[in-house]
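Contents: one structure, followed by commentary.
The values are calculated or read from the model by the stated rules, or taken from the named source; none is laboratory data. Values in this document were obtained by computation on a predicted structure and should not be read as measured data. Here the Cβ is made from the backbone with ideal geometry for all residues, glycine too, and neighbour counts use every protein chain on show. Heavy atoms of the whole protein, side chains included, go into the accessibility calculation; ligands, DNA and RNA do not. Shrake-Rupley method; radii C 1.70, N 1.55, O 1.52, S 1.80 Å.
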Amino acid sequence: MIRAATVEDVPAIHSMIRELAEYEKALHEAKATEEQLREALFGERPSAYAHLAVSDEDGEVAGFALWFLNFSTWRGVHGVYLEDLYVRPERRGGGHGKALLARLARICVERGYGRLEWSVLNWNAPSIAFYESLGARPQDEWTVYRLTDGALAELGGA
């Protein structure tokens, strides 16, 4: 079962974000707090959204998708950027990841959004194979750039 997250789900989402960061060998970079997530997802002006995969067998949270809207100037419509998709290791293979992506695809179709996009680490072969099995294709002609920490502060203070 896929459902929209509620404010009561923030501790579980936070825990899974940390599990994902550990899997991606970057736990030291996972600095978000539960309070920050609560504000981003359920504050006065939400900037992100989340859906949960809940096991039909035991009602436990199996995984989550955290996403936000982006905008294509070329298409003239919004799209969904999937920031995180995570299914707990013991729940993988049960269709939860596919169901989460299908829910986001349905949101795109129903709302007239033109894209569903995400990034995947180059070394994450199991995820790449899964995404490609659904028809997703890499955008090899684009390279993601990022400003953070000191470089962001320096440019922002200019």
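When each of G95, G114 is tested for being free of Cβ contacts under 8 Å to residues at least 40 places away in the same chain and of a type outside the set (D, E, K, R), the lone residue that passes is G95.
Can you tell me which residue is farthest from N124 (Cα to Cα) among those in region 11-30 that are of a type in the set (A, V, I, L, M) and in a helix (DSSP H, G or I)? Here the answer is A12.
For region 98-124, the set of residues classified as small (G, A, S) and within 21 Å of Q139 (Cα to Cα) consists of A102, A105, G114, S119, listed by residue number. The single condition from (1) closer than 24 Å to M16 by Cα; (2) aromatic (F, W, Y); (3) under 17 Å from the mean Cα position of the chain (by Cα) that W123 fails is (3).
Any residue at all in region 47-64 that is closer than 28 Å to G112 by Cβ, of a type in the set (S, T, N, Q) and loosely packed, with under 15 Cβ neighbours inside 10 Å? So far as region 47-64 goes, yes, one or more of its residues are closer than 28 Å to G112 by Cβ, of a type in the set (S, T, N, Q) and loosely packed, with under 15 Cβ neighbours inside 10 Å.
Scanning region 14-26 for residues that are more than 16 Å from R88 (Cβ to Cβ) and either open to solvent by 60 Å² or more (accessible area, probe 1.4 Å) or of a type in the set (D, E, K, R) (or both) returns a single hit, K25.
Within the set G93, G114, the sole residue that is farther than 23 Å from A40 by Cβ, small (G, A, S), open to solvent by 70 Å² or more (accessible area, probe 1.4 Å) and not in a strand (DSSP E or B) turns out to be G93.
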